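Shown next, in structure tokens, is the structure this report addresses.
The values are calculated or read from the model by the stated rules, or taken from the named source; none is laboratory data. Owing to the predicted nature of the structure, the values given are computational and were not obtained by experimental measurement. Quick reminder, even Gly has a Cβ in these numbers, built from the backbone with ideal geometry, and neighbours come from all protein chains shown. Heavy atoms of the whole protein, side chains included, go into the accessibility calculation; ligands, DNA and RNA do not. Shrake-Rupley method; radii C 1.70, N 1.55, O 1.52, S 1.80 Å.
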Amino acid sequence: TPYKFEQCLIAYEDRYFYYHPGINIVAISKVIVENLKKGTRKRGGSTLTMQLARLTRGNKSRTYLEKIIEMWLAIRIECSYSKSSILNYYACNAPFGGNVVGVYTASWRYFGRDANQLSWAEAALLAVLPNAPSLIYPGKNHDLLLRKRNGLLYRLFENKTIDATTYKLSLQEAIPDKPLALPQLAPHLLQRGMLEYGEGNLYQTTIVKELQQQTIALLEKHSSILKNNQINNACALILDTETGNVLAYVGNNISHKKLYNNDVDMIASKRSSGSILKPILYASLIHNGSIAPHTLLEDVPTQIGAYAPKNFNLTFDGLVPASEALSRSLNVPAVKMLQQYGVAPFIHLLKNVGFTTINKSADHYGLSLILGGAEVTPWDVASAYANMGRTLINYNSNSSGNNILQPNYIKNKAVEKSVNTTTPLSASSLWTTFQAMTELVRPEQYAANSIFSSTHKIAWKTGTSFGFRDGWAVGLNQKYTVVVWVGNADGEGRPGLTGIDAAAPLLFSIFNSLNHQQWFKKPTKELILVETCFESGFRVSENCPTKRIIEAPTSVLKSPACPFHKIIHTDSSGRFQVNSLCYPVVQMKHKPYFILTPLQLCFYKRKHLEYVAPPPLLEGCQDESAFSSFDVIYPRQGFKVYLPIDEQGYSNEIIMDATHSRANSKLYWYLDKTYLGETLNYHQMAAHPAIGKHLLTIVDQRGKTVKIGFEIVGKKNK
């Protein structure tokens, strides 16, 4: 009980509270005599303990029988509880006018501050309210309330609880005109608590008040900008990475008009994950030795069954290092990584790191799982990333504590036991992944911010769902794990609603406001020096001309050696490629070349002007090289193509695209059994196929043939 309120309450209601056993015989005797003389029951002579007993019985009508019951209960209460507990129970359950119950609620309702911060005048006013809450409360009976308050202040002055100066100043304080709105710093966390623990319980949370207020202010400032694009909802969650304790919980932005579902707790809402799961897949492939940190992954037009993933910017790199594919959030390499790892094993992994909403079969999700095909909550995202960060922390501190913990918002709550207590990913694979995540290009306004130096760096990732419905950003370091989501609670998409543009600025604003940030310590015992191919990123093979030594997890030793470098046989001048059927072996030169498929090369050489292709085949030599070939860029095998209708009602043409590994090559094009024409060097061909299935056949001047089956679809079977 707040000290000032306690002194005021005892002085006003029960001066002998600390001396009687629950009933004050002298006071009751005087009241009985007085009431008998006057023939009324205007005074009751109740102690605070008796008033608490009355509260427990629902404030029944005042009769002599009821008074006897209250006296008996008061003695029992005194025998069971300490004086301080009795006082606290009364203060928390007494009525203070209207629907206000408890001194702490009354303090916020009438004065807008915590009860421990009340002045003597304010405490005195609250002390007189429970005596007649239905009659006396701010806004009515102003003069009567003022007299009662001032009378109590004089009593405090008389018994020397306050001095003369305090008494005079307290008399000058005004009485509040009307109740204030109660502060709502964490209304969505309150909703969550009532759902999980029921109503009527009192808990102390792990929320840091200053951090909660700071996060609310940052989120509201950011939301005011987003609302210009009709993006009406946002949430932010901050965890202590090591303990999993919730430090700030802002489930949605504030809207007094209640127009945009702002009462919905978005931290507990399931939304499309976008690209937020990609780092977990990257770490898992490094953990099991499938890839090295910078292994080249294929990034070309791809069709897997009926699924054709595309990168966000609709371009391709041909080949891209795995770490760069993660930092740039490329979709095609991610899908190929998931195809390599397996959807079912990945679902199992996601469950083990903390995702609770991914509970359907591998067939249900398919390869789109890695691009947002599953729904997750910000709560689970924070849980999973904090669990991975905790693995690194516990490894470096030699702790045997649980790595897998659900976020906790109840202070001093016992840690729930889990079947899986250890993250199924090694510390070194997570360290490597977090290092790659620091390389993401930050939003422009934060790119040069000095606070994000090597001593204050974070691993972070953004995500955008299909249709621009969800913008995600998650970041962590050794101290904090932060998750931000922005969008519309009703699922409406908006142009520009991307993780990098809509969510990342808020993420960095929050990290910019946090103190005592630290980066993870390196798990040196799980890292080794590995010799890799400079160009491909794979473990070095005997054909790699340039090597690079990197620090990588020990699991990289299980990854495959470089498959790209192959020995090419040339003539003595090195200008032409030859073989034993057309050139003396003893005169040959042997040199390793970086060999790509025609489809890979078509995109790779656009961004790598330094690429050196193998020399052309010597005239008269039979082409035995797998490198000397061609491929179709568009359409790919199994593609379903919809041709838009132009202004005159005719469908547009399809532009087919191919690539050949050799310059000055000719390709001959056939659609079904119809000859379309030939192309030289730049291989594109337009056609106007009917709705239905078709076979594209392309033949080069050496007789090599590629066949692609595709389908033209219309609106009715689109």
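Summary of computed values
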| item | result |
| --- | --- |
| Qualifying residue in region 478-489 (condition: assigned to a strand (DSSP E or B) and farther than 18 Å from Pro279 by Cβ) | yes |
| Enumeration of residues in region 202-237 that are in a loop (DSSP other than H, G, I, E, B) and open to solvent by less than 80 Å² (accessible area, probe 1.4 Å) | Thr206, Ile207, Val208, Ile231, Asn232 |
| Hits in region 255-283 - residues which are among the hydroxyl-bearing types (Ser, Thr, Tyr) and either farther than 21 Å from Gly487 by Cβ or surrounded by fewer than 24 Cβ atoms within 10 Å (Cβ to Cβ) (or both) | Ser255, Tyr260, Ser269, Ser272, Ser275, Tyr282 |
| Test for Leu680: is it in contact with a Gly (Cβ under 6 Å, 6 or more places away or on another chain) and at negative phi | no |
| Test for Ile286: is it buried (at least 17 other Cβ atoms within 10 Å of the Cβ), modelled with pLDDT of 95 or more and over 19 Å from the mean Cα position of the chain (by Cα) | yes |
| Matching entry among Tyr18, Tyr12 (being among the hydroxyl-bearing types (Ser, Thr, Tyr), at pLDDT 85 or above and in a loop (DSSP other than H, G, I, E, B)) | Tyr18 |
| Test: residue in region 545-563 that is in a loop (DSSP other than H, G, I, E, B), among the small types (Gly, Ala, Ser) and more than 39 Å from the chain's Cα centre (by Cα) | no |
| Candidates Leu182, Leu153 - the one that is over 51 Å from the mean Cα position of the chain (by Cα) and aliphatic (A, V, I, L, M) | Leu153 |
| Answer residue from region 695-704, given it is surrounded by fewer than 19 Cβ atoms within 10 Å (Cβ to Cβ) and modelled with pLDDT of 90 or more and is nearest to Phe630 (Cα to Cα) among those | Val699 |
| Members of region 344-355 found to be at negative phi and under 22 Å from the mean Cα position of the chain (by Cα), listed by number | Phe346, Ile347, His348, Leu349, Leu350, Lys351, Asn352, Val353, Phe355 |
| All helices (runs of 4 or more DSSP H) inside region 44-163 with 2 or more residues being among the hydroxyl-bearing types (Ser, Thr, Tyr), at pLDDT 85 or above and open to solvent by 20 Å² or more (accessible area, probe 1.4 Å) | 83-93, 103-111 |
| Breaking point among (1) in contact (Cβ under 8 Å) with a residue 60 or more places away in the chain; (2) over 30 Å from Ser272 (Cα atoms), for Cys533 | (1) |
| Qualifying positions in region 639-660 - modelled with pLDDT of 80 or more, open to solvent by less than 90 Å² (accessible area, probe 1.4 Å) and not acidic (Asp, Glu) | Phe639, Val641, Tyr642, Leu643, Pro644, Asn652, Ile654, Ile655, Met656, Ala658, Thr659, His660 |
| Test for Ile550: is it open to solvent by less than 30 Å² (accessible area, probe 1.4 Å), closer than 17 Å to Pro592 by Cβ and β-branched (Val, Ile, Thr) | no |
| Tally, over region 576-605, of residues that are open to solvent by less than 20 Å² (accessible area, probe 1.4 Å) and among the hydrophobic types (A, V, I, L, M, F, W, C) | 7 |
| Test: residue in region 303-318 that is open to solvent by less than 20 Å² (accessible area, probe 1.4 Å), free of Cβ contacts under 8 Å to residues at least 24 places away in the same chain, closer than 30 Å to Val486 by Cα and touching a helix residue (DSSP H, G or I) at 6+ places or on another chain (Cβ under 8 Å) | yes |
| Residues located in region 60-98, provided they are within 49 Å of the chain's Cα centre (by Cα) and without any contact (Cβ under 8 Å) to a residue 12 or more places away in the chain | Ser80, Tyr81, Ser82, Ser85 |
